[in-house]
Each structure stands twice: as structure tokens, then as C-alpha cells.
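Visitor: Have a look at this one before I ask anything.
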Amino acid sequence: MEKYEVIGTLGEGSFGRVYKAKELSSSNFVALKVISKRGRSSKELKGFRRECEIQRELHHPNVIQMLDSFETENEIVVITEFAPKELTDVLSKQGYLTEDKVKQIVWDLVSALYYLHSNRVLHRDLKPQNILLDLKNRAKLCDFGFARNMSTGTHVLTSIKGTPLYMAPELIDELPYDYNADLWSLGCIIYELLMGTPPFCTNSILHLIRKIKTEQIKWPTFLSPECTSFLKGLLQKNPSKRLTWNQILNHSFVKGHILISKTTGPMPLTISLSASAQEAKEQQRKDSINNKHTNKGAIPRTAKKSVEVPENEKHSREKVKEEKATLSNNKNNSLDTGQNPTGAIPKKPLTSQEQISSKEKPLEVFTEGKSHRDENGNVNEEIKKCDEVKDVGKCLKEKLNFIEDSHPIEPEEWIVFLQNSIKEVMNGEMSSLVQPNLTNIIVSPLRNTYSNSKVLSYVAKLLSIAFVVKGTSKETIENIKKVYLEVKLLPNLIYATKLLLRTRKHLSSSESSNSSSEGVIAPSRNDFTCKSLNEFDSDELQALEHILMLACHLVHLEDEFVSQFCDAVVVLNMFGSINLLLGLVKRKPRIPMDIISILTQILRNLPENVEIVEKIALHHTDSGSELHLGEFLRNSDASIKERTCHFILLMGKYFSHDTLEKIWSLEIQDTLEALMFDSVEHVRNMELPHTTLWQFDIGLMNTFQGCGLAGVVQLNDPTTRFLPLT
């Protein structure tokens, strides 16, 4: 850094800051991009280093030249040439540009993109913000954070990158894509330069996605035929119908004005594929689509109407139903005073010596309440298949849709999208929530390490609204529920909870380089420490409240959500984290109240997962166990007392004797006896007909008061949609 004099700040984003500086030896201006290593996972740091490697090899007049890069103990510093103007600034001042001015920029951008594709580099984030202008008004591409250098054997990509306004339809549809996605983004930029807005423009991300998928582009009539033809050739929704590079270079709008570099890589993307390469590309495309469907896991039980169930599975289900219907209460325990609410048969509790650590053997005991064999001794083929490749943990991670996304996002941009989408859904527009690929995009911030608490809170709000908006049909609710099961919403809510509970710690350079970047779940456990209760700020507590309120509602809708919750807790090792949140009973009582309700639902409907609930209840921190049932029973909130009473009742049915001895106390017993004279009738009589799920309605109504739309929330009859607890 001693070689440069920092003059001022050019910009700031989630990655770090960019400074204008002067090189002391030459007095030339340069740009310094400073990326802090603090709080970065090894995966993120590897991505930044890959960006440097890609940009270091790029040498073209229309690509920002990287001059140098180095690392300190705390930072990665990238030095590039300096360009004084941003294309977005020009647009904001002038609104739009004439065709003649746009033509000059198009020539530069096509030249830059042809150079990248000639060297098998995809930019994947083309937008006006990533285009700079030098002193000669020459356009230059910058920001290669999402760029990918494709190996000669790779023909298609699948990971979704880019900005929604400029994202190609094939990415919206989660289909494999190639360099054609960059050409669509280029067309969007040219359209915006000429018209002042992108071809599809809205503040609602749901509406935007729907426009890109279904609406036709409105073509201006004042452009020259050559310009219109060029635009239409780039903005074809079917990527196979877009202009090829040969057609682009020979198009009258740009012909003779493209600067073609002599430097090209092997098998450039700008030439036509051979027959064998085209065949390999098609096979990769098919394999990617098949793998995507496979990784989504089994079809949710609620969506299997058209799927034939194997005879052995039918028999297994019928047997479980019969056992549930005929089960009598024969457990000898002083707390077992009533009949089993569900009639499910509990597994024999493990002794302390038999309890298995989730780190050592997570699926044998915990996977969806199943071991490798069902009640009839039949092998569970899904688990067996995972075992055969000796990668059971990874198989379940993929099944739960824990797909890592550690690339920087713009929280402010997401919040604007989500706020407008909330208003749209509250006004009855539900169509986007019944489409898995669109819902998956909304869910994605829940597993992004750069999502802040406000973004996570808004995501949870948006995904909750359909359950409380007046006039939503039962069919729509059922379809939304199926989509939430398919995209694994519940596990991703738990993943977001873990992100909120973690505070990032600094990684040294040696730790970063030695850390493994493999795996599905990010960030690495070694990159974080867990917060203490007093470290949560108000925004984080609000996000946790919204997330767990939605999670609680989901587990009461369908047993499949309960199974997904159990799987997520094991895979993410969330036993201690959930226990920690129970300690918020005084500061934020809604959070532990919903957790108690979730744990109760596990014992009530899937008691074979009792070990998970026991591990949460018995988890000890440095200050001891956070499960103080006496505090719950004495809480002034009647709902907390009611839920805790039900939880204690089911503890007595399914917890092992050893576990009960560790939890039970005279304080709890005395408090329970006192509750026999409680002022609240439901507490006295242990009756909870609809309270738990009704409060989901009430909580959301309070949440949306600020939107001015709370009047559309239906609260007068909570029994019309929500299942009773008992």
C-alpha cells in the first residue's frame, strides 16, 4: 500500500470498498478494491482469489485491466486501471441515450464480450453498474466476481448468478445455460440505454420473474431497422434462437466495428461446435436437468396423488395407522396421566451409553424418523442408496436443498423487492408462490451468508402471508404448502436461524488456505462462533421471531414439515442453538413459545424422533442448561404456560427415565400444582383447541400494521383453515 496514495472513496458494497488512488512512482490514477478477510469463509475467499486469477489474464482495451494484487493479514487488495465515469451515472443524468451514442457503447461491449467468450470466460453479471467509461468515453467491463472460466470439457453451467433485471429466462427457469445468457444480458443493457428502463422492469421480484417468463417485449418504433433487428436477435427467450457470434459479427449494426483480439483460448465459445462437442453439450444439459430433479429428493407425501405407492410401503403405512388406532397407554411414569394424543408408538428410549452423537452417525437414528429399515424390515432404498456411495450426510444435505450461496448480494435491493412483493401478495396475487422455481428464488436469501437480518425477516413475512390473507382459497393454500415442501422451506428457515445465531470470527491467511472449500453447507463451522443471548440486536430478534413463527405454523400443517425439521436439526447440528433460544423467554417470549410448540408437535406426531427433542432439552452451555421449565410455567403469557403444559405431558410419555430425572424438579411440580388454580381456563383444564395456530394470524396482523393492509387479514374464525392442536 505504500506505493499508492489514497485520494477518496469510489464506492462501497457487500464485498468491501473501492478507492481512487494515485500510484506514486508514475502519478497515474488507479482504483484500489479492498476486500476484508474478516468474517469471510474459506469458500468466499477462494471465490475472490478466483476473480483475481481470471481478471489477471484478461488484456483488452474494453476490459478493465488488473494491474496488481496482494494480500495482507486482514485484506485482499486488487489494483486496476481507473475509469472516471460509470454508465449508471450517465443514465441517471440523461435518462436515455440517442441511437448514435448507444451504437458506440455497443461496439465496445460486443468487443469485450467477444474477447471473453473467445477465451471461454462467462461474465454472468452484465449490468450498467459493471460498465465504466474512460476519458475517451470508451466502455470497459469490470467486476468479475461472478465470472467463470469454463474448462474445455464444460459446455453448460447450472448455478444461478446475476442480477434479476438482466437475468436470462433459462436462469429464471433453473435450466442449464451457456454463453447465450451473457448475450441476453447485453441485449437488456442496450434496451435500457435506448429506452431508459430494462425490457422488463418492476419493483416486485415476483412480478419481474413472471414478466421475464411470460410477457412479450415491447419494441420501440423510433429505432433504425438495423438496431431493432440486433436487439430482437439478442433478446430471444429461447437461447437457441439468439444470434450466434458469427451472426453478431456480420450484423449490419456492428459489422466492421468490433475490435477482435488475436489472443484466444483453446476451443473458443465464439465458434460453432463440432458434431461430437454438440452431442457432449446436449448430454451435459440432460444430465444437469436429471441431477436437479434427483437432488430435490423424494416427492412430498402431500403431492403424491398421481404416484403409485409400492405395495410394501402401503402395507407399512396401514400397519402404522392400525397401531396408532389401537395403542393403549401402558407406559409406567408418574407424569403419564392421559392418552397418547396421536396413538403413535414411541421408540424404546436410548440409554445414555447408547445415545449416538449426531456428528458421528446422523442418519441411522434421525433421518425422517426412519432407520435403514421400516417397520416390516424392508430396506429404505433412499437411505441405502446414500450409504452405498458412503456419503449419507451429503446426500441428506442435498435432499434438504442446502445449496451454498456465499456470493455477495445487495440487501437494500432485496428489501425493496420483498416489500413490494409483500404488498402484491397481500392484495391477493398468489400465483408466484405456487411455482417451485419462483419460490426457490425467494427462499435463496435464507441460505446466503450475506443476507442481513432485515432481508431474512422480510423473506419470512412474504412466505407467511398466504396463510392469513382474507379470501385465499383452500386449493391455493394446499398448492402453496406443496411448493414449500418441495423447495424445502422449513430446513432453509432453520439454516437462516443458524446464520442469525453465528457471529463471524477472523480467519488468518493460513487458516483460510488450509480450510476445505468442499461440501454443500456454507459457511464452515470453523469460521463462526455462536452469539450469547445478550448479543442479539432488535432486528435479529425480530427476524428470529418471524422465521420461527412460520416454522411453527408449518410443522402443524403437515408431518412432512416435522420430518424436515428433524433432519435439518441433525444435519446442521442445531441442538445447542435451539436450546439457547429457549433462554429468550423473558426478552422475546414468542421465540421460545414457538420452539416449545414445535418440540411438542414432534413428540405428538413423530415420537420416533424423541432423541432429537431429548438432545435439545439436555444440551448444556457453559452456564448450564437453558431449559428452565419453571420460568415457562410462571410466565405471564397464558400461551407459553399452555404450550409448556402440553410439552411436559408428552415428555412424560416419551422421554427416557434418565432424561426425566435430569429435567424434573420439585420447582416444576409445585408450579404445575399451582396452575390448577390459574385464572386462565385453558391452563387449568389443559385444553388448547385453536390457540397456537390462531396466534400465527394475530402475530402476522401485528407485523403488517405498518403496510396499511392489515384489514384484509382474516382473524374472526381461526378454525376455518388451521388444524387444531388436540
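The values are calculated or read from the model by the stated rules, or taken from the named source; none is laboratory data. Values in this document were obtained by computation on a predicted structure and should not be read as measured data. Note that each Cβ is placed from the backbone with ideal geometry, even for glycine, and that neighbours are counted across all protein chains shown.
Visitor: Select from the range 126-142 the residues that are out of contact with any strand residue (DSSP E or B) (no Cβ under 6 Å at 6 or more places or on another chain) and hydrophobic (A, V, I, L, M, F, W, C) and write down the one among them that is farthest from Ile54 (Cα to Cα).
Guide: So, considering only residues that are out of contact with any strand residue (DSSP E or B) (no Cβ under 6 Å at 6 or more places or on another chain) and hydrophobic (A, V, I, L, M, F, W, C), the one farthest from Ile54 (Cα to Cα) is Leu135.
Visitor: Find all pairs meeting these conditions: Cβ atoms under 9 angstrom apart; at least six residues apart or on different chains; first residue within the range 423-443 and under 24 Å from Ser159 (Cβ atoms); second residue assigned to a helix (DSSP H, G or I) and of a type in the set (Asp, Glu).
Guide: If the second residue must be assigned to a helix (DSSP H, G or I) and of a type in the set (Asp, Glu), the pairs left are Ser432/Glu424; Pro436/Glu486; Thr439/Glu486; Asn440/Glu486.
Okay, residues lined up against (1) in contact with a Cys (Cβ under 8 Å, 6 or more places away or on another chain); (2) among the small types (Gly, Ala, Ser); (3) at pLDDT 85 or above:
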site	(1), (2), (3)
Ala147	no, yes, no
Thr154	no, no, no
Thr163	no, no, no
Tyr166	yes, no, yes
Glu170	no, no, yes
Asp173	no, no, no
Ser185	no, yes, yes
Cys188	no, no, yes
Glu192	no, no, yes
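Visitor: From the residues in the range 230-246 that are assigned to a helix (DSSP H, G or I) and surrounded by 12 or more Cβ atoms within 10 Å (Cβ to Cβ), which one is nearest to the chain's Cα centre (by Cα)? Break it down stepwise before answering.
Guide: In the first step, residues of the range 230-246 are kept if they are assigned to a helix (DSSP H, G or I); the result is 230-234, 239-241, 245-246.
Narrowing the set further to residues that are surrounded by 12 or more Cβ atoms within 10 Å (Cβ to Cβ) leaves 230-234, 239, 245.
Details: Phe230: 36, Leu231: 34, Lys232: 34, Gly233: 34, Leu234: 30, Pro239: 27, Trp245: 35 Å.
Across the range 230-246, the extreme among qualifying residues is Pro239.
Visitor: Evaluate the range 42-49: report whether one residue or more is charged (D, E, K, R) and either crowded, with 20+ Cβ neighbours inside 10 Å or in the same structural domain as Ile258 (by TED's automatic domain parsing) (or both). Walk me through how you get there before you give the answer.
Guide: Looking only at the range 42-49, we keep the residues that are charged (D, E, K, R), and these are 43-44, 46, 49.
Next, from what is left, pick out any that are either crowded, with 20+ Cβ neighbours inside 10 Å or in the same structural domain as Ile258 (by TED's automatic domain parsing) (or both): 43-44.
Looking through the range 42-49, at least one residue is charged (D, E, K, R) and either crowded, with 20+ Cβ neighbours inside 10 Å or in the same structural domain as Ile258 (by TED's automatic domain parsing) (or both).
Visitor: Answer yes or no: is there a residue in the range 461-470 that is touching an Asp or Glu at 6+ places or on another chain (Cβ under 6 Å) and surrounded by 22 or more Cβ atoms within 10 Å (Cβ to Cβ). Can you show your working first?
Guide: Our first condition is that a residue be touching an Asp or Glu at 6+ places or on another chain (Cβ under 6 Å); within the range 461-470, this holds for 468.
Those left that are additionally surrounded by 22 or more Cβ atoms within 10 Å (Cβ to Cβ): 468.
Among the residues of the range 461-470, at least one is touching an Asp or Glu at 6+ places or on another chain (Cβ under 6 Å) and surrounded by 22 or more Cβ atoms within 10 Å (Cβ to Cβ), which makes the answer yes.
Visitor: Quick one: which residue in Pro199, Pro266 is part of a loop (DSSP other than H, G, I, E, B), of a type outside the set (A, V, I, L, M) and crowded, with 17+ Cβ neighbours inside 10 Å?
Guide: Numbers: Pro266 fails: crowded, with 17+ Cβ neighbours inside 10 Å.
Testing whether each residue is part of a loop (DSSP other than H, G, I, E, B), of a type outside the set (A, V, I, L, M) and crowded, with 17+ Cβ neighbours inside 10 Å leaves just Pro199.
Visitor: Pull up the range 202-226, narrow it to residues that are within 23 Å of Lys241 (Cα to Cα) and under 26 Å from the mean Cα position of the chain (by Cα), then point me to the one that is surrounded by the fewest Cβ atoms within 10 Å (Cβ to Cβ).
Guide: Initial filter on the range 202-226 (within 23 Å of Lys241 (Cα to Cα)): 208-221, 223-226.
Subset that is under 26 Å from the mean Cα position of the chain (by Cα): 208-214.
On the way: Leu208: 23, Ile209: 23, Arg210: 19, Lys211: 17, Ile212: 24, Lys213: 16, Thr214: 9.
Only one residue fits best here, namely Thr214.
Conditions (1) of a type in the set (Phe, Trp, Tyr); (2) farther than 21 Å from Leu133 by Cα; (3) part of a helix (DSSP H, G or I), marked per residue:
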{"residue": "Ala21", "(1), (2), (3)": "no, no, no"}
{"residue": "Ser26", "(1), (2), (3)": "no, yes, no"}
{"residue": "Val30", "(1), (2), (3)": "no, no, no"}
{"residue": "Ile35", "(1), (2), (3)": "no, yes, no"}
{"residue": "Gly47", "(1), (2), (3)": "no, yes, yes"}
{"residue": "Glu53", "(1), (2), (3)": "no, yes, yes"}
{"residue": "Glu73", "(1), (2), (3)": "no, yes, no"}
{"residue": "Thr80", "(1), (2), (3)": "no, no, no"}
{"residue": "Ser92", "(1), (2), (3)": "no, no, yes"}
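Visitor: Further, regarding this structure: State whether the residues of the range 139-153 include one that is outside any loop (DSSP other than H, G, I, E, B), of a type in the set (Val, Ile, Thr) and over 30 Å from Ser432 (Cβ atoms).
Guide: Looking through the range 139-153, none of the residues is outside any loop (DSSP other than H, G, I, E, B), of a type in the set (Val, Ile, Thr) and over 30 Å from Ser432 (Cβ atoms).
Visitor: Cβ-Cβ distance below 7 Å, separation of 6 or more or different chains: which pairs start in the range 216-236 with a residue that is at pLDDT 95 or above and end on one that is small (Gly, Ala, Ser) and surrounded by fewer than 16 Cβ atoms within 10 Å (Cβ to Cβ)?
Guide: Glu226/Ser252
Visitor: Surrounded by 14 or more Cβ atoms within 10 Å (Cβ to Cβ) and within 28 Å of Asp89 (Cβ to Cβ): which single residue out of Leu249, Leu194 fits that description?
Guide: Details: Leu249 fails: within 28 Å of Asp89 (Cβ to Cβ).
None of the others qualify; the one that does is Leu194.
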